[in-house]
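The values are calculated or read from the model by the stated rules, or taken from the named source; none is laboratory data. This is a predicted model, so every value here is computed, not measured. Methodologically, a virtual Cβ is constructed for each residue, glycine included, from the backbone with ideal geometry; neighbour enumeration extends over all protein chains shown.
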Amino acid sequence: MLTASLQALVDELGRLPGIGPKSAQRIAFHLLRSAPEDARRLAQAIVTMTELTTLCSRCGNIAEGELCRICTDPQREPGVLCVVEDPRDVVAVERTREFRGRYHVLQGALNPLDGVGPEQLKVKELLARIEPEGVREVIVCTNPNLEGEATALYLARLLRPLGVTVSRIASGLPVGGDLEYADELTLGRALEGRRPLEP
């Protein structure tokens, strides 16, 4: 039997994504064995993050203030926007160190079955950025699933009449993957997205 306070912590930890009941209990017991100042530091970090972190008023990325660090970076190419579903996707693209433009975070993807239409996403805000920011290219970097593909097609139909180049990230085989284990859709996309081989 757990004490009421320990059970309350386990219950709260169990509400986090990817944390099941056993993991929640393991984390709670780890915190119980930790020095009190470690637990206080963790609690303070959580409180501070929830109080200070907002969404960038321009792109929808996470920020501590009105604009995020990427929107205020003068070294970024303002004419190229990478459209992603979620702020976590910005982190993933930034890890590649290949993209030097700016971002637009939709805050989701089209999913009519769950009641997510264009009105629930930051689509109007994206369209409103094109002319004032001099956007020449939009790279649609939504997930390669049904919702992400539907969102990409929808955005392409809206953006092309505005005179911008609309591109989609390539998808296909992962580096180190074997052809025999690839499903037909992944292998088909890899063939579709092929590029010239330079000697």
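When L6, L32, L81 are screened for being of a type outside the set (V, I, T), surrounded by 11 or more Cβ atoms within 10 Å (Cβ to Cβ), over 30 Å from E147 (Cα atoms) and touching a Phe, Trp or Tyr at 6+ places or on another chain (Cβ under 9 Å), only L6 passes.
Does L16 qualify as being outside any helix (DSSP H, G or I) and without any contact (Cβ under 8 Å) to a residue 60 or more places away in the chain? So L16 passes the test. Being closer than 30 Å to V166 by Cβ, surrounded by 11 or more Cβ atoms within 10 Å (Cβ to Cβ), touching a helix residue (DSSP H, G or I) at 6+ places or on another chain (Cβ under 9 Å) and of a type outside the set (A, V, I, L, M, F, W, C) is the requirement here; does G60 meet it? Judged against the criteria, G60 is a match.
Looking only at residues in the stretch 87-104 that are touching an Asp or Glu at 6+ places or on another chain (Cβ under 8 Å) and surrounded by 18 or more Cβ atoms within 10 Å (Cβ to Cβ), the one that is farthest from I62 (Cα to Cα) is G101. Only residues that are closer than 24 Å to P132 by Cα and more than 16 Å from the chain's Cα centre (by Cα) were counted in the stretch 72-100, giving 10.
Here P78 qualifies as touching an Asp or Glu at 6+ places or on another chain (Cβ under 7 Å) and either of a type in the set (S, T, N, Q) or at pLDDT below 95 (or both).
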